[in-house]
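Presented below is the structure to which this report refers.
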Amino acid sequence: MVVRLGVPEAVAGIPLVRRLAWVVGARVVFLVIATTALAFVNVKRGFDVGASTIQIVVAVVAASFALAGIYAAVLRTGKGLVELATAQLVLDQATWTVLVYVTGGATSGATSFYGLTCLLGGFLIGLRGSAIAGVTGISFYAVLVVALYLGRLAPPADQPPGIYAVSGEQLASYLLLNVLVVVVVTLLTSYLADRLRAAGGRIVEAEARAESAERLAVLGRLAAGLAHEIRNPLGSIAGSAQLLRTSRALSEEDRKLCEIIQREAARLNDLVSDMMDVAKARKPEPTTVDAARLAREVVALASRSGRAVSDVKILFTGEESLCVRADAAQLRQLIWNLVRNAVQASTAGGSVGVRVEDVGGAGVLVVEDDGIGIDPHAKDRLFDAFFSTRTHGTGIGLAVVKRIADEHGFSITVDSERGEGARFRVSMGPRLPPDERESAQAPHFGSVPPPP
């Protein structure tokens, strides 16, 4: 069993502020029920309102109502939530100690409330809360029963003195029993808190995946309907601009305008291609693939297009051959998207490094640039569809990378510091021995169309 002393921000996906609000509300309901029961018993049994037990209980209930109001006021500020939760746990244990005092001391059945507060502490702030509740509960109980046993504290005047009379052996057994109960409840709370935290993380992750899948499905349907209608006139525009550039009647300024038309047409074509990648998502068909060879071919292709021709250098290093199990076409698309993203993020005169290496018997793809880096607040959304840190970015390329990686069981990590570039690492699973038959069938850029 894993024991964690940290304070979880959310248990089962529920933030601390909401959990505290629930507890404050439940406390008010409990106090109303307790007050009603007290009044009913008092009327039915004809207890003297002036009796010390009734006075103590009424004072405790009144103080609890006042504290509930204070808790609610502090909760509205949204500050010091952990401290507020800790104070509630300690004061609750003090409240139960007063009830133990008026209902028999060491023999009181109200000691079970100490365990309830331990569970509540685990719900609020994890094992730390349960431990705080357990230590304070045991301490308050021990001080109370020892004080009663030694005569330092007199029982309530209206209670039968016989129920407070215990021998030294009985006192030790009651103390040991309550300590064991609180320890067991604390350990149980730790286990349940871990399970709830894990379940909450999976729920949040599943909801995020479902939301992303829904967005991608909508984009896919839109792309499928518009791709051909967009690409046909786009091809005509790009072709016409190319023909115009060959005309001797054009001035140098006119040729520059034609270059702008071609460049923007190419960018629109990339956007349509990205949308089509989402629309035509298919289940991977893994085979033994030489990831190093695919990466070299992607680098060779990328070096002949876009900014790589003018102001960004792309270099491949690492293993000459490294085979993994993957869908060749989808792995090539993953590498291409990462390289294109790195080129776009690079500054003028910068470089992009691509390498495939063996790390502990596993194939790892690394794509790194020396651009401006990634803002820490953007890292969590980096692979979300439609999210981009660039003005002209579409936020689709990295979403496709994440989808391919997830479907293959690959893991992706991103290391980046502001102003120091970014490094994408894709762990592609165990390194495999080369399969000559599969290798011979793997596609080459010279024989099949390259990625868009």
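Find how much the distance from Val17 to Val82 grows on full extension, using 0.36 nm per residue of separation minus their present alpha carbon separation; answer in nm with one decimal. Mind showing how you got there, number by number?
Values: separation 65, 0.36 × 65 = 23.40 nm, distance 0.93 nm.
Using 0.36 nm per residue and subtracting the Cα-Cα distance, I get 22.5 nm.
Compare the peptides 242-255, 126-139, 88-101 by average per-residue count of other Cβ atoms within 10 angstrom and give them in order, highest first.
Numbers: 242-255: 10.5, 126-139: 23.1, 88-101: 20.9.
Put in order of decreasing packing, that is 126-139, 88-101, 242-255.
Taking each pair of distinct Cα atoms in the stretch 284-441 once, what is the resulting Kirkwood hydrodynamic radius in Å?
Values: mean 1/r = 0.0635 Å⁻¹.
With all distinct Cα pairs of the stretch 284-441 included, I get 15.8 Å.
Hey, can you rank 60-72, 320-332 by average C-beta count inside 10 Å, highest first?
Numbers: 60-72: 15.4, 320-332: 21.3.
With the highest mean Cβ count within 10 Å placed first, the list reads 320-332, 60-72.
Reachable lysines from Lys283, Cα under 21 Å, same-chain residues fewer than 8 places away excluded?
Lys402
Among Ile125, Ile163, which comes first, second and so on when ranked by fewest other beta-carbon atoms within 10 Å? Working shown, then result.
On the way: Ile125 27, Ile163 14.
The most exposed by this proxy come first: Ile163, Ile125.
PRE reach from Leu315 (point 7 Å along Cα→Cβ): which of the stretch 406-437 fall under 18 Å by backbone N?
Label zone hits: 420-424.
Determine, for Arg431, Arg195, the number of other Cβ atoms within 10 Å of each Cβ, and report the residues in order from fewest to most. If you can, show how the numbers build up before the last one.
Numbers: Arg431 19, Arg195 12.
Lowest to highest Cβ neighbour count: Arg195, Arg431.
Say each of Ala165 and Ser112 gets a label point 7 Å from the Cα, pointing the same way as Cα to Cβ; how far apart are those two points in nm?
2.8 nm
Which order, highest average first, do 400-411, 348-359, 164-175 follow once you tally other Cβ atoms within 10 Å for each residue and take the mean per peptide? Please list the in-between numbers first.
On the way: 400-411: 18.9, 348-359: 17.0, 164-175: 13.9.
So the order, starting with the most tightly packed, is 400-411, 348-359, 164-175.
If each of Ile237 and Arg304 carries a label point 7 Å out from its Cα toward its Cβ, how far apart are those two points in nm?
2.6 nm
Readers should treat all values here as calculations from the given coordinates under stated rules, not as data from a laboratory. Computed from a predicted model, the values in this text were never measured in an experiment. Quick reminder, even Gly has a Cβ in these numbers, built from the backbone with ideal geometry, and neighbours come from all protein chains shown.
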